[in-house]
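Accompanying notes for the structure given below.
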Amino acid sequence: MKFTTRARYGLRAMVDLAQNYSHEPIPLIRIAERQDISEGYLEQLMTFLRKGGLVRSVRGAQGGYLLTREPARITAGEIIRALEGPINPTGCVSENNPEECERADTCATRVMWEKIRQSIAGVLDHTTLEDLCQEAEKMRQSREADMYYI
């Protein structure tokens, strides 16, 4: 299963909001600059995330975006579903409204597809924004430890 740019960039934007989590809105231009995502595309992503109840927008000169909950209470699964819809490696094992399949009772591969869907959903649903922020911090510290100064 290949996730689209929408999922990848949207998740990056959400991690950015989590890394800069406070009660002050973060201007979209700041997220766009830090994540190297066009502001126009980021605005489209934020529409999906706002409709999914994951961010809220504040208008005005001091406006921007805020997470609706603490980073520890937002999962990657919620974000991916808000951006992409249900986890769906094949139509017959979709999380929501699986397609009727004439071969469902005899299809040897359907069980495998269901396991794949459950595995992907499990990883996404057990990974929070806080987890991703901690991973980013470990990576930052590792890069700094590898730097040599003369």
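Find me the longest stretch of the chain that has none of the exposed GluC sites (Glu not before Pro), where exposed means in a DSSP loop (not H, G, I, E or B) with at most 14 other Cβ atoms within 10 Å. Don't jump to the answer; show the numbers that get you there.
On the way: sites that count: Glu95, Glu99, Glu100, Glu102.
After excluding every exposed loop site, the longest remaining stretch is 1-94.
If I stretch the segment between Ser38 and Arg73 completely, what's the gain in nm (0.36 nm per residue apart, minus their alpha carbon distance), one decimal?
On the way: separation 35, 0.36 × 35 = 12.60 nm, distance 2.73 nm.
Once the chain is fully extended between Ser38 and Arg73, it gains 9.9 nm.
By the 4.7 Å beta carbon criterion, which cysteine residues of the chain come out unpaired?
Cys107, Cys133
What are the residues whose amide H is under 5 Å from the amide H of Glu95, where those residues sit 5 or more places off or on another chain and H is modelled from the backbone?
Amide H to amide H, under 5 Å and 5 or more residues apart or across chains, Glu95 pairs with Ile87.
Rounded if a/c is under 1.5, else prolate if a/b is larger than b/c, else oblate: which is the range 12-81, with a ≥ b ≥ c the root eigenvalues of its Cα gyration tensor? Intermediate values should be presented prior to the final figure.
Working: a/c = 1.42, a/b = 1.21, b/c = 1.17.
Rounded shape, in that the Cα axes give a/c under 1.5.
How large is ³J(HN,Hα), in whole Hz, for each residue of the range 57-73 in order, when computed from phi with the Karplus curve 6.51 cos²θ - 1.76 cosθ + 1.60 and θ = phi - 60°, using x for Gly and Pro?
After applying 6.51 cos²θ - 1.76 cosθ + 1.60, I find 9, 10, 8, x, 4, 9, x, x, 10, 10, 5, 7, 9, 4, x, 6, 10 Hz.
Using amide H atoms built in the peptide plane, which far-off residues or other-chain residues are under 5 Å from Thr127 H to H?
Those qualifying (amide H under 5 Å, at least 5 residues apart or on another chain) are Ala76, Gly77.
Taking a virtual spin label 7 Å from the Cα of Ser119 along the C-beta vector, which residues in the range 1-19 bring their backbone nitrogen under 14 Å of it?
The answer is 1-2.
Find which of Ser57, Gly85, His126 sits farthest along the positive direction of the dipole of the chain, computed with +1 on the beta-carbon of Lys and Arg, -1 on that of Asp and Glu, about the Cα centre.
In the chain, that residue is Ser57.
Charges at C-beta only: +1 for Lys and Arg, -1 for Asp and Glu. How large is the resulting dipole of the chain about its Cα centre, in Debye rounded to 20? Mind dumping the intermediate values first?
Details: 20 positive and 22 negative charges, 45 e Å.
Computed charge dipole of the chain: roughly 220 debye.
What list of ³J(HN,Hα) values in whole Hz, one per residue of the range 6-18 in order, does the Karplus curve 6.51 cos²θ - 1.76 cosθ + 1.60 (θ = phi - 60°) give from phi, with Gly and Pro shown as x?
4, 5, 5, 5, x, 5, 4, 5, 5, 5, 4, 4, 5
Contact order normalised by length for the range 1-148, with contacts defined as Cα pairs under 8 Å and 6 or more residues apart; what percent is it? Walk me through the intermediate numbers first.
On the way: 169 pairs, mean separation 36.5, N = 148.
Result for the range 1-148 is 25 percent.
Coordinate-derived values only; no laboratory data. Predicted, not measured: the structure shown is a model, and the values here were computed from it. Note that we place each Cβ from the backbone using ideal geometry, even for glycine, and neighbour counts take in every protein chain shown.
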